[in-house]
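This report concerns only the one structure given below.
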Amino acid sequence: MESAVGVTVGAVWVLSAPVFVFCAAVDFLDRGPDCIPLLVSGLIVGLLGLLVVRLSSFPSSLPVSRLFASVVSGAVAALIAVTVAHLATDTSIALDVALVEAAATVTGTNASTLNADSMSLGVTLLRALGQWLSAGAIIVVLVRVMPHLGVGGLDADGGVATRSARRLAPRSGSTMARLVSLYIGLTVLCAFAYLVAGMPWMDSWIHSFTTLSSGGFSTRSGSIGAFDSPAIEWVAIVGMVVAGTSLPLMFRALRRGDLHRFVRSVEFRTYIGLILISVVACIAWSDTWPTVSDLRHSLFAVVSALSTTGYLAGDLESVSYGSEAVLLVLMVVGGMSASVAGGFKVMRFMVLGRYIRRELRRSIHPALVGKIHLGRSVIGEVALSRIIGELFLASMTIIPIAMLFSADGLDLEAAISFAVSSLSNVGFAFGLGGPDGHLQMMGAVGHLAAALMMLVGRVSITPVLVTLGGVGEPLQQKVRHMRRTATREVLR
Amino acid sequence: MAAAMVLSVFVALIDGGGGGFGLTAAAIVTGGIGAVCFLGSRVSPSADAALAFASVAWSWLAVSLAGTLPFLFAGVISWAHFDDALFESISGFTCTGSTILSDFGAVPQSILFYRSLTQWLGGMGLVVLAVAVLPALGIGGLDLIASEAPGPTADRLSLKVRDTARRLWLLYGAATCILAIVLFLVGMSVFDAVTHAFTTIATGGYSPHAESIAYFDSFVVELVVIAGMLFAGANFSMHWRALSDGIRAYGSVSETRWYVSLIAGACVILILVNHGELEWFQNFRESLFYAVSLGSNTGFGSSNYVMWMPAAHITLLVLMLVGGMSGSTAGGMKVLRLQVVIRYSFRELMRARHPSAVIPIRLGSGTIEEQIAAKVVGFVLLYLGLIVTGGVVLSGLGVDPLTAFSGSVSALGNVGPALGEAGPSSNFLVFPRAARVVLMMMMALGRLELFPAMLMLVASLRGLGQLQRSREQMK
C-alpha cells in the first residue's frame, strides 16, 4: 500500500527500538527493575514498525496535505512508543498519565506528574533521550520539510527561517548531516561542562540531553536547583541560551570561525537583547535589593522560559508579579527560528512588529507599498499572512484548553499560564504557589488536553489542523457525493 | 462642555445638595478657556489624514482635562489627587466606567449626574467618530462597515459629516429618552432613570450606586437595561436604516448575526459553567446580564462575578476583548474585526492545503480586499500587543497578574470592571497610583481606536517641526 504516513510511522518505531534496547541495557547495568519491560516493549515497537514499513511503500507523488499528515503522524507515533514504555514499566499505570508523560517527552516539555527521584535509571534515560532525539528530529523537519510546506511562514522564500535556511535548502542533504553532527557535538560539550562543574557522570549526560534539546527533564525532582551549585547553574544557563539559538546560524559562524556573524544576525541581537532587558526588568521589579545569586536566578528563569527549556532553580514561588508576567511573555516568544526551542519564535514577532509599523504608516499614506525588511532580506506577503494565520490560530486554541484546565480544577491564573506554558513546551507555570504540580492537580481531561496542547505547540497548529481536515476529507467527499446524487434523483 | 456643567448645576439646585458652587466655577473656567482658544485659532485650509487624527485625539484629551474641574472644584477629589480626577474624567469621556470613587454616599448627586453626563457626551462624540469619521479615514479597516451596512456613513468627510452627525444625534437622543422613560416606568426614580439611560446608551457603565444595577434588585429593570445595552452595542447606522427598512435591516448584516450569537454562546457557556453553583433562575439571570453587559462593553454589575468559576472568567475575558459591533459606542476590538481575523486565519489553513489556490476572504455575502484585511489584522495585532504590554507593565507595578492583564483588557476595551481584585463590586483604587496613570493612557488609546492616538503624536511632532522651520525663515 502506498502511504507516506505508514512509512513515517514505521520508520519512527523501527528507529526507536534501539533506543529502548539501549536504555534497557543501561538499566540492566544499573541493576534497575525496568530492564525486561523496556526490552520487551522495545522489541514490540520495533517489530510493529517493521511490519508497518513492510506493508507500506513510499508513494510516487506526495501532495502537500499528505506531507503534513506524515509530519503529524511521525510525532504521534513517537508519542505512542513512549506511552507504551511508560505503561510497560509501571512508571505510570493510568493511560492518561502515560499519554501526557509521553507527550512531554516527545515535545520537550518539562511538565510531569511523576517524581523524578523514584524513577529507575532506564526510564529516566529513556525520557531524556526521547527529548533529545525528538528535538533532533524537529531540526530535520524544520530545515528539511517545513520550508517546502511553508508552515507559519517558515518557508524558504519567506526567509523567516533566516537567510541561512534558503541557502541551506538546495544542498540540504549534506548540510543536514553537518547540522546534526553540530547538535551532537554541542551535547557532548555540554555533558563535559556539567561534569567539570561537579555533576555526577550519569546526571551530566542526562541533563546535557535535556538542556540542548530545550526539553527540561531532570534526574532530580528539584530540577537543576536540587544540585545547589552556582557552577552547574551557569553551565545550564549557557546551554539553554545555545539551545535557543538558531542551529544553521551557529553552524555557519563556527565553520568559518567568523563569530561576527552572530552580531550581524538581527534575530540573534534581538534574542540576546530580550534576555538582558527581561533580566533587568525582573531585578528592578523584585522587592529586595538584588544580590549576585538573585541575578543568577533571574537570568536562569528568564533563559529557561525564553528557550522553553523549563528547568527550575531558585524558588519561583517568590518571584514578583512583574517577573511572573515577563516570564509568561517570554514563554510565548520562545527561542530563535530554526532552533530546537518551542514558542512562537523571536523572528516571527519581529516580523509582526514591522507589520504593525507598516500598517500605521499606511493609515497616513494609503498608497504606500511598504515591503517588510528584516536585516537584508525582504519578507514576502505570503509568508507574512502565514505567520499571522499561525499566530491567531494558536492563540485561539489557548481559550478552550484553558477552560478545560480550569474545569478540571485549576484556578484562572494557573489554567491560563499552564495553557501558555504547554503550548510553548516550557513546563513550569504559575498560580499554584509552586512552579510545577499543575498536572498533578488535574484529572484525565486536563491530562489529555495538556498532551494535545504540547503536541500542537511542537508541530505547530497548521499541520495539525490540516491533517485533521485531511482525515475528515473522505467523509466530506462522501457526503457531497451523496447529496449530489440525491439532487440528481430529485431532478429526475 | 460648559453647557453640560451648567445643566448639572441645575440638578444640584433641584436636589439641594452640595456641589453647585464647584460646578458653576468649573463651568465658567471651561467656557472662558474654550472661548479664548476658539477665537484665537483658525481652521487650517488643508487637512490631511494625520491632521484629522490629531485634532480628534487632542480635542478628546482637552475635554477630559476640562472634565476634571467639577470633581476638583466640588471637593469630591482633592487637588493633590489631580490624577484621580483625570482618571474619573477620562473613564467618563471614553465611556469606560472604571471608577475610583469608593464612598458614593459622600458624593453630591449633582456630581454623580455630571459623571453620567460625561459618558453620555463621550458617547455622542463617539457615535459620530465610529460611524462617520473613522470609517471615512479607514482606520483599522473600519471602511468595511460602509461596504456592508450602507447607512448614514460619510463618504466625504468634510461635506457630509455635519449632516450625518445631526441624524445620529437625533437617534442617540431619542434612544436615551425612550430608555429613560421605560426605566422610570419599571420603577426607578427620575434621577436614576436618567443617569442610567445616559450611561447605558453610551455603553459607559457608571452608575450612581456603588452596587450598580444590583442596587435595584429587580429582574425587570435588568431586562430593560439588557435591551438598552444590546441596542447600544450594535451599529448605529444600522439602527438608522432599521427606522425605514424595519427589522430586516438587522438580519442583512452578518456582523449582527455574529454579535448576537457571540453573546448568546457566551451566555450558554456561563449558564453551563455556573450550573450547580447558583440556583437555576439566579444563574440564568446573572449569566444573561453579564453576557450582555460585557459583550457590549458596558460594564454594569448585577452581582459579583469574581466569585464565579474560573472557566466563566475566561468567557467574560473573551467578551471584554471582542466588545460590541463596529459603528457603536461599545469598545473592544469589535466583532467585525474578529470576523475578519477568523476568516483570515482559516483562509491560511486552506492555503496551506492548496498552496496555489487563490481564495478570497469572505465576509457576509461579499468578499473583502487584501488591503483592508491587512489593516484589520494590523489593528488586531497592535491591540493584542498593547494588552500584553499593559499587563506586563501593570504587574511590574505590583498588581497581581490576573488583575493586571484583565485590567489591561478592560481599560483598552473601555469596559469598566476587570477580574481579580478589580471586580464589579470593587473600584480601581486597588491599582497603585502609577498603574492608574497607565490605565488612563490605555483607556484613551482604546477609545481612539489606537491608530489616531498613535498618529496624533506623529502629526503634533510634525506641526512643531513646521513651526520651528517657519520661525527660522522669519529670522
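The values are calculated or read from the model by the stated rules, or taken from the named source; none is laboratory data. In this text the structure is predicted, and so the values were computed from the model without any measurement. Ideal geometry is used to build each Cβ from the backbone, glycine not excepted, and the neighbour counts take in all protein chains shown.
The single condition among (1) in a helix (DSSP H, G or I); (2) among the hydroxyl-bearing types (Ser, Thr, Tyr); (3) more than 7 Å from chain A (Cβ to nearest Cβ) that residue B:395 does not meet is (3). Of the residues making up the range A:436-459, those that are buried (at least 24 other Cβ atoms within 10 Å of the Cβ) and assigned to a loop (DSSP other than H, G, I, E, B) number 1. Just to be sure before I move on: is residue B:406 closer than 30 Å to residue B:213 by Cα and either within 11 Å of chain A (Cβ to nearest Cβ) or part of a helix (DSSP H, G or I) (or both) in the structure I sent? Judged against the criteria, residue B:406 is a match. Of the listed requirements (1) among the small types (Gly, Ala, Ser); (2) in contact (Cβ under 8 Å) with a residue 60 or more places away in the chain; (3) more than 13 Å from every other protein chain (Cβ to nearest Cβ), residue A:437 misses just one: (2). In the range B:179-193, the qualifying residues are those that are touching a residue at least 40 places away in the same chain (Cβ under 8 Å) and under 19 Å from residue B:231 (Cβ atoms), and the one that is surrounded by the fewest Cβ atoms within 10 Å (Cβ to Cβ) is B:182.
Within the range A:342-359, the set of residues being surrounded by fewer than 23 Cβ atoms within 10 Å (Cβ to Cβ) and away from chain B (no Cβ under 11 Å) comprises just one member, A:350. None of A:296, A:361 is over 30 Å from residue A:142 (Cα atoms) and touching an Asp or Glu at 6+ places or on another chain (Cβ under 7 Å) except A:296.
Going through (1) over 26 Å from residue B:345 (Cβ atoms); (2) not assigned by TED's automatic domain parsing to the domain that holds residue A:223 one by one, residue A:427 falls short only on (2). The set of residues from the range B:363-381 being in contact (Cβ under 8 Å) with a residue 12 or more places away in the chain and away from every other protein chain (no Cβ under 12 Å) comprises B:363, B:364, B:365, B:366, B:368.
Restricting attention to the range B:309-355, the residues that are touching a residue at least 12 places away in the same chain (Cβ under 8 Å), within 10 Å of chain A (Cβ to nearest Cβ) and touching an Asp or Glu at 6+ places or on another chain (Cβ under 7 Å) add up to 1.
Looking at A:324, A:390, just one residue is in contact (Cβ under 8 Å) with a residue 60 or more places away in the chain, buried (at least 19 other Cβ atoms within 10 Å of the Cβ) and facing chain B (nearest Cβ under 7 Å), and that residue is A:324. The set of residues in the range B:381-417 being within 17 Å of the chain's Cα centre (by Cα) and β-branched (Val, Ile, Thr) consists of B:387, B:409, B:415.
Going residue by residue through the range B:278-287, is there one that turns out to be hydrophobic (A, V, I, L, M, F, W, C) and buried (at least 21 other Cβ atoms within 10 Å of the Cβ)? No: zero hits. In the range A:17-56, of all residues being part of a loop (DSSP other than H, G, I, E, B) and of a type in the set (Gly, Ala, Ser), the one that is farthest from residue A:79 (Cα to Cα) corresponds to A:32.
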